[in-house]
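Colleague: Next up is a structure, given as structure tokens.
The values are calculated or read from the model by the stated rules, or taken from the named source; none is laboratory data. Note that this is a predicted model, so its numbers are computed, not measured. Quick reminder, even Gly has a Cβ in these numbers, built from the backbone with ideal geometry, and neighbours come from all protein chains shown.
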Amino acid sequence: MNPLAVELNDQIKASNPYVLDMLSDLGKNLFFPKGILTQSAEAKEKAHKFNATIGIATENGGPMYLQCIQDKLPGFEPKDIYPYAPPAGKPELRALWREKMLRENPSLQGKHFSNPIVTNALTHGLSIVGDMFVGAGDHLVLPEMLWGNYNLTFGVCNGGVVKKYKTFTEAGGFNVDAFKQCLKETAAEKGKAVVILNFPNNPSGYTPTVAEGDGLVAAIKEVAEEGCNIVAITDDAYFGLFYEESLKESLYGKLANLHERVLAIKLDGATKEEFVWGFRTGFITFAAGSSEPQAELLTALEKKTMGLIRAKISNCPHPSQTFVIEALKSPDFLTQKEEKFQTMKGRALKTKEVLSGDKYTAAWNYYPFNSGYFMCLQLKRVDAEQLRVHLLDKYGVGAISIGKTDLRIAFSCIAEEDILELFELIFQAEQDLA
């Protein structure tokens, strides 16, 4: 093992040995090299004559660039577009995102957590978590209604085993008891569990109530107190899109500093929160279990994360980080974001209104939804994949089939005035097959 990795592991062990045990073999071996990037950073501070370190081309005291590209980006300085961004992301962006997290998550006030580290959007953050904390045979606790890419990221790539629990109760609430039972079974079998809490949920579009959220946190704490090491991940891809009665902040705030055996990790990003999907700008933020500051532990986890970013993608795109910084600093940012939120809320409520009558009851039920981009129909008479193909071939309507019975509808991309027609076409296609 590299001496730098040993040093980081010793820092983690001294602060919280349970976190060291949570790391995968790869996680234990990770470190940030004292190589080109470190030497270049030193040169940036001290090389007042010539700086012949970093591998970019320069001219006229700045980065070299093609004018045909710069002509399309006249509002941005070349220095904020073309050079490499730091491995952990631009410091200004990290600081702004941390401020945003504190503003939007009141339960984070007074908690100890790391600076957000920039990732190449949220899927990259999931991959980082998988590489650092999921080893072959480790169990992941997830609801039956889950984003299918988890299987690829954690199962195929990391060898993790997904343990599912029933998502909803018969009464239509989030199934906290099923979650707790699944977590306890994993704890008894493995002594370690990786929990992913994805709210608003993809594919169901559901966010728990405050009471349900408190129940999830209480279950995690109880199992940790019984001796299980828990990596608690909040996948907050659709954060902020809460339309009805539900939690209005991430559970990360309540998981942070919850217990010595709980490492809370927040994954979020500008991708969907700020409607910039193609920018691929996300964040990963760590919060250790202790209520006391654990700067060495958080620094060690940051360096391991930076090492992984360096190894896999070197660093994240610079232009998109600059664009997000400018958005967060704009005086119009909150107003414009609220306008888009109201548009999304209108589509969600219109969907619920269309589905509220008795017309479709013979064809389907729908799962609870109150947030995010999606909702799911639970079909009663036809196969979901057959309906998906028939909808596409005969009516030119696209939807996503999940298993035998579930059809996911992204109301996020349907204008409010078109939602009734959408479900009428789905109903007609269902009748064709039924």
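Colleague: Of the residues H112, H139, H124, which single one is touching a Pro at 6+ places or on another chain (Cβ under 8 Å) and not polar (S, T, N, Q)?
Modeller: Numbers: H139 fails: touching a Pro at 6+ places or on another chain (Cβ under 8 Å); H124 fails: touching a Pro at 6+ places or on another chain (Cβ under 8 Å).
Sole residue among the options that is touching a Pro at 6+ places or on another chain (Cβ under 8 Å) and not polar (S, T, N, Q): H112.
Colleague: State whether the residues of segment 382-392 include one that is outside the structural domain of T169 (by TED's automatic domain parsing), closer than 27 Å to D236 by Cα and out of contact with any Lys or Arg (no Cβ under 7 Å at 6 or more places or on another chain).
Modeller: No, because not a single residue in segment 382-392 is outside the structural domain of T169 (by TED's automatic domain parsing), closer than 27 Å to D236 by Cα and out of contact with any Lys or Arg (no Cβ under 7 Å at 6 or more places or on another chain).
Colleague: Output the residues belonging to segment 282-318 that are of a type outside the set (A, V, I, L, M), surrounded by fewer than 16 Cβ atoms within 10 Å (Cβ to Cβ) and within 16 Å of Y84 (Cα to Cα).
Modeller: Across segment 282-318, the qualifying residues are K312, S314.
Colleague: Follow-up. For segment 306-318, what are the residues that are over 19 Å from P3 (Cβ atoms) and touching a helix residue (DSSP H, G or I) at 6+ places or on another chain (Cβ under 7 Å)?
Modeller: Listed by number, the list holds a single entry, N315.
Colleague: Given (1) loosely packed, with under 14 Cβ neighbours inside 10 Å; (2) outside any loop (DSSP other than H, G, I, E, B); (3) not aliphatic (A, V, I, L, M), where does K49 come up short, assuming only one miss?
Modeller: (2)
Colleague: Take the conditions modelled with pLDDT of 95 or more, part of a helix (DSSP H, G or I) and surrounded by fewer than 19 Cβ atoms within 10 Å (Cβ to Cβ) and apply them to K404. Does it pass?
Modeller: Judged against the criteria, K404 is not a match.
Colleague: Could you run through segment 57-73 and say how many residues are under 32 Å from the mean Cα position of the chain (by Cα) and surrounded by fewer than 11 Cβ atoms within 10 Å (Cβ to Cβ)?
Modeller: So the count comes out to 1.
Colleague: Of the residues R408, R381, R347, which single one is among the charged types (D, E, K, R) and more than 19 Å from L241 (Cβ to Cβ)?
Modeller: Numbers: R408 fails: more than 19 Å from L241 (Cβ to Cβ); R347 fails: more than 19 Å from L241 (Cβ to Cβ).
R381 is the lone residue from the list that is among the charged types (D, E, K, R) and more than 19 Å from L241 (Cβ to Cβ).
Colleague: Report whether or not T123 is modelled with pLDDT of 95 or more, in the same structural domain as D235 (by TED's automatic domain parsing), of a type outside the set (D, E, K, R) and under 16 Å from the mean Cα position of the chain (by Cα).
Modeller: Yes, satisfied.
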